[in-house]
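*Asks:* Please see the structure below; I have some questions.
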Amino acid sequence: MSSPISNVRPAPDPLVAAIADYVLNVEITSAEALDTARWCLADTLACGIMALAYPACTKLLGPIVPGTTMQFGARVPGTPYELDPVQAAFNIGAIVRWLDFNDTWLAAEWGHPSDNLGAILATADWLSRNQAADTPLAAFGTPLPARSQPLTVRDVLVAMVKAHEIQGVLALENSFNRVGLDHVLLVRIASTAVTTAMLGGNRDQVINAVSHAWLDGSALRTYRHAPNTGSRKSWAAGDATSRAVRLALIALTGEMGYPSVLTAKTWGFQDVSFKGQPLKLARPFGSYVMENVLFKISFPAEFHAQTAVECAVQLHPLVQDRLAQIERIELTTHESAIRIIDKSGPLHNPADRDHCLQYMTAIGLIFGDLTADHYEDKVAADPRIDALRAKMTVTEDKDYSQDYLDPEKRSIANAVQVFFMDGTHTAKVTVEYPIGHRRRRTAGIPLLQKKAAAAFAAHYGQARAAQLLHTFADRNSLEAMSANEFVAAFVS
């Protein structure tokens, strides 16, 4: 006769408790992390503003029901929208991620930590606008904790550091993609934790909210891989951040949580979704991820291809007049690139193309650059692109793969060499670290600033763009701004 199942509720899973204790109690003192977060904020907003030029993105923006607005709602940079914080998080998250141009993190699991800005900025603006207007706030009829003053941009930067840390540290040794789950799960976990804290949640409420975030499970990775690659990968993070804000608000009503959401036998996340493997916390939460985050500065390309495109652009002057004479092109890369973006056959849409190593490399060789426009149908119809793709071979260099996993290196190496029909060939061009890597941070930040300036100028005009970029020039002044004043500067 079997024993009855114990109905004694356990203490919260240690990992969930560690996340709550981190967001509520750990002070961020790293000047490097906060300074990097400052430029991460500028870069992330620039990526979102650039996306507004693409109708495929903008058709998804605004309220769910047309014409709906909200007094003192959260605003969406670059637009006139004023929305509830859940829908605003979706909007901001979608534009930030749309062009695959915001920061990234590569480990056992990869992802884009600045995706969390959708939840963070929407929550900060909504709270701060209503506090400034002395308007009491409630979630589902339950009053939220009162605040004595608006949130500041420093609060936004600290929330970014913590969201980066939760997402990135969980990614170090837990590979969700290996069991078919999408990495936006970690966006939802991180955003839920930091937004519950921003809303004034206590330890129990943060734990409860995070338990709900794990209960949601994860999206499948189907939309990121051949033969199904599609535009959902561009709004999946917005979906995750909006869900995070909703769960945070639900927790603030006093809704119960589920303490063994990860470890419950049979029914917990580990048994149901992670093949029984225990989730690991590779290092204590601090500010490691923001300090080491990877910026996409030169190209809006899946990050495993960034250095391949840089190699191709270096080779462009040598091959641009000899494209028809090329016999073969040898691409040498690392294991993750082969698994994720080594792709043959027809490419059906921009999302398909920006996840094809061969396509991105061909663009660099032909045009000497790679922009978001190069993924559109008009450019993709150029017969030279598929002609070069057909001549490419992709092979793994085991040392590249090892250095990719080495926590002291975290290189993302690629090499490209072009061979011609007359027996001549170019040198083998190798780039180990992309310009957005921490090892190239000194050279990268000025280029990141240029990227942001160009994005702001294209949308707002040169004069306003200069004002916006000046906002980031002094970290102390930036941090002192109220969050609602900061967001107001970006409203169209």
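The values are calculated or read from the model by the stated rules, or taken from the named source; none is laboratory data. In this text, all values refer to a predicted model and were calculated from it rather than measured experimentally. Ideal geometry is used to build each Cβ from the backbone, glycine not excepted, and the neighbour counts take in all protein chains shown.
*Asks:* Consider residue 265 carefully, then state whether it is touching a helix residue (DSSP H, G or I) at 6+ places or on another chain (Cβ under 9 Å), surrounded by fewer than 19 Cβ atoms within 10 Å (Cβ to Cβ) and part of a loop (DSSP other than H, G, I, E, B).
*Replies:* yes
*Asks:* How do the helices (runs of 4 or more DSSP H) wholly within region 275-388 filter down when requiring 3 or more residues that are modelled with pLDDT under 95: which remain?
*Replies:* It comes to 335-341, 350-353.
*Asks:* Restricting the first residue to region 55-75 and requiring it to be at positive phi, which pairs with a second residue that is surrounded by fewer than 18 Cβ atoms within 10 Å (Cβ to Cβ) and assigned to a loop (DSSP other than H, G, I, E, B) meet a Cβ separation below 8 Å and a spacing of at least six or different chains?
*Replies:* Taking only residues 6 or more apart or on different chains, the pairs are 72/133; 72/135.
*Asks:* Out of all the residues in region 211-224, is one or more among the hydroxyl-bearing types (Ser, Thr, Tyr), within 27 Å of residue 126 (Cα to Cα), in contact with a His (Cβ under 8 Å, 6 or more places away or on another chain) and in contact (Cβ under 8 Å) with a residue 24 or more places away in the chain?
*Replies:* The first filter runs over region 211-224 and keeps only residues among the hydroxyl-bearing types (Ser, Thr, Tyr), leaving 211, 218, 222-223.
This time we only want the ones that are within 27 Å of residue 126 (Cα to Cα), so: 211.
From what's left, in contact with a His (Cβ under 8 Å, 6 or more places away or on another chain): none.
No, the conditions are met nowhere in region 211-224.
*Asks:* Can you name every residue in region 95-127 that is among the aromatic types (Phe, Trp, Tyr), outside any loop (DSSP other than H, G, I, E, B) and closer than 21 Å to residue 231 by Cβ?
*Replies:* Taking region 95-127 first, the residues among the aromatic types (Phe, Trp, Tyr) are 98, 101, 105, 110, 126.
Add one more test, that the residue is outside any loop (DSSP other than H, G, I, E, B), and what stays is 98, 105, 126.
Selection gives 98 alone.
*Asks:* Find all pairs meeting these conditions: Cβ atoms under 9 angstrom apart; at least six residues apart or on different chains; first residue within region 358-374 and touching a residue at least 24 places away in the same chain (Cβ under 8 Å) and farther than 21 Å from residue 53 by Cα; second residue basic (Lys, Arg) and not in a helix (DSSP H, G or I).
*Replies:* Cβ pairs passing all conditions: 358/343; 359/343.
*Asks:* Restricting to region 71-94, name every residue that is under 16 Å from residue 48 (Cα atoms) and in a helix (DSSP H, G or I).
*Replies:* Across region 71-94, the qualifying residues are 87, 88, 89, 90, 91, 92, 93, 94.
*Asks:* Please identify the pairs in which a residue from region 230-253 that is under 22 Å from residue 56 (Cβ atoms) has its Cβ atom under 7 Å from the Cβ atom of a residue that is of a type in the set (S, T, N, Q) and surrounded by 24 or more Cβ atoms within 10 Å (Cβ to Cβ), counting only partners at least 6 apart or on another chain.
*Replies:* Between residues of region 230-253 that are under 22 Å from residue 56 (Cβ atoms) and residues that are of a type in the set (S, T, N, Q) and surrounded by 24 or more Cβ atoms within 10 Å (Cβ to Cβ), the close pairs are 238/91; 240/191; 241/116; 241/191; 242/87.
*Asks:* Also, quick follow-up: Whether any residue in region 98-108 is among the hydroxyl-bearing types (Ser, Thr, Tyr), farther than 28 Å from residue 287 by Cβ and out of contact with any Cys (no Cβ under 7 Å at 6 or more places or on another chain) is what I want to check.
*Replies:* Step one: list which residues in region 98-108 are among the hydroxyl-bearing types (Ser, Thr, Tyr), which gives 104.
Retained after the next criterion (residues that are farther than 28 Å from residue 287 by Cβ): none.
Checking region 98-108: not a single residue is among the hydroxyl-bearing types (Ser, Thr, Tyr), farther than 28 Å from residue 287 by Cβ and out of contact with any Cys (no Cβ under 7 Å at 6 or more places or on another chain).
*Asks:* Next up: Can you tell me which residues in region 39-75 are surrounded by 16 or more Cβ atoms within 10 Å (Cβ to Cβ) and either under 23 Å from residue 284 (Cα atoms) or among the β-branched types (Val, Ile, Thr) (or both)?
*Replies:* Once the filter is applied, which keeps residues that are surrounded by 16 or more Cβ atoms within 10 Å (Cβ to Cβ) and either under 23 Å from residue 284 (Cα atoms) or among the β-branched types (Val, Ile, Thr) (or both), region 39-75 yields 40, 44, 49, 58.
*Asks:* Got a number for residues in region 1-31 being within 17 Å of residue 200 (Cα to Cα), part of a loop (DSSP other than H, G, I, E, B) and either in contact with a Pro (Cβ under 8 Å, 6 or more places away or on another chain) or touching a residue at least 12 places away in the same chain (Cβ under 8 Å) (or both)?
*Replies:* 1
*Asks:* So which residues in region 252-267 are among the hydrophobic types (A, V, I, L, M, F, W, C) and farther than 21 Å from residue 205 by Cβ?
*Replies:* Matches in region 252-267: 267 only.
*Asks:* Would you list the helices (runs of 4 or more DSSP H) that sit entirely within region 405-492 and hold 2 or more residues that are without any contact (Cβ under 8 Å) to a residue 12 or more places away in the chain?
*Replies:* The qualifying helices (runs of 4 or more DSSP H) are 441-460, 462-471, 475-480.
*Asks:* Would you check which residues across region 472-492 are farther than 18 Å from residue 51 by Cα, surrounded by fewer than 18 Cβ atoms within 10 Å (Cβ to Cβ) and of a type in the set (S, T, N, Q) and list them?
*Replies:* Passing the criteria: 476, 477.
*Asks:* Looking only at region 400-424, which residues are exposed (fewer than 14 other Cβ atoms within 10 Å of the Cβ), on the phi < 0 side of the Ramachandran plot and either touching a Ser or Thr at 6+ places or on another chain (Cβ under 6 Å) or not β-branched (Val, Ile, Thr) (or both)?
*Replies:* 402, 406, 407, 408, 421, 422
*Asks:* Of the residues that make up region 89-99, is at least one at pLDDT 95 or above, within 25 Å of residue 459 (Cα to Cα), aliphatic (A, V, I, L, M) and touching an Asp or Glu at 6+ places or on another chain (Cβ under 7 Å)?
*Replies:* Looking for residues that are at pLDDT 95 or above, within 25 Å of residue 459 (Cα to Cα), aliphatic (A, V, I, L, M) and touching an Asp or Glu at 6+ places or on another chain (Cβ under 7 Å), one finds at least one in region 89-99, hence yes.
*Asks:* Name the pairs whose Cβ atoms lie under 8 Å apart, with the first residue in region 194-207 and among the β-branched types (Val, Ile, Thr), the second outside any helix (DSSP H, G or I), and 6 or more positions between them or separate chains?
*Replies:* That search, which allows pairs on different chains as well, returns 207/12; 207/257; 207/259.
*Asks:* Same structure again: Within region 123-162, which residues are out of contact with any Ser or Thr (no Cβ under 6 Å at 6 or more places or on another chain) and crowded, with 23+ Cβ neighbours inside 10 Å?
*Replies:* If the condition is that a residue be out of contact with any Ser or Thr (no Cβ under 6 Å at 6 or more places or on another chain) and crowded, with 23+ Cβ neighbours inside 10 Å, then 124, 125, 126, 127, 129, 153, 156, 157, 158, 159, 160, 162 are the ones that fit.
*Asks:* Can you tell me which of (1) over 18 Å from the mean Cα position of the chain (by Cα); (2) crowded, with 24+ Cβ neighbours inside 10 Å is the one residue 170 doesn't meet?
*Replies:* (1)
*Asks:* Okay, moving on. What's the total number of residues in region 389-404 that are part of a loop (DSSP other than H, G, I, E, B) and touching a strand residue (DSSP E or B) at 6+ places or on another chain (Cβ under 6 Å)?
*Replies:* The total comes to 2.
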